[in-house]
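Report on the following structure.
Derivation of every value follows stated rules applied to the coordinates shown; laboratory data play no part. Just so we're clear, the structure is a prediction, and the values are computed from it rather than from any experiment. Note that each Cβ is placed from the backbone with ideal geometry, even for glycine, and that neighbours are counted across all protein chains shown.
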């Protein structure tokens, strides 16, 4: 429902903006490009923050690697 209202509202707003002629087209283009750049900026920020939050230590792999390192060190002695 909200999506439908948004589409209808954007259509009406688009007709109003383009009815101003060349100035309306320039304003509409500016709004669209501004929204696209803002969206790309937000996606970049999410991309920067996600890897830091998503990295979780796997205790099983750490224990296995530590065991293998200790075993290899014991064999060399």
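On a 0 to 90° scale, report how tilted helix 2-18 is relative to the longest principal axis of the chain, with both axes built from alpha carbons and the result rounded to the nearest 10.
The angle comes out near 50 degrees.
Per DSSP H run of at least 4 residues, take -39500 (n - 2.57); add these up for the chain, divide by its residues and hand me the 222 nm value, nearest 500 deg cm²/dmol.
Taken over the chain, the calculation gives -31000 deg cm²/dmol.
When only alpha-carbon atoms are used, what values of Rg and Dmax, in angstrom, describe the chain?
27.5, 85
Specify the angular offset, from 0 to 90 degrees and rounded to the nearest 10, of the alpha carbon long axis of helix 22-54 from the longest principal axis of the alpha carbons in the chain.
On a 0 to 90 degree scale, this one is about 10.
Tell me the label-point distance for the pair residue 43, residue 15, using the 7 Å Cα-to-Cβ offset, in nm and rounded to one decimal.
According to this spin-label approximation, the distance is 3.1 nm.
Using the alpha-carbon atoms, what tilt in degrees (0 to 90, nearest 10) does helix 59-76 show relative to the longest principal axis of the chain?
30 degrees
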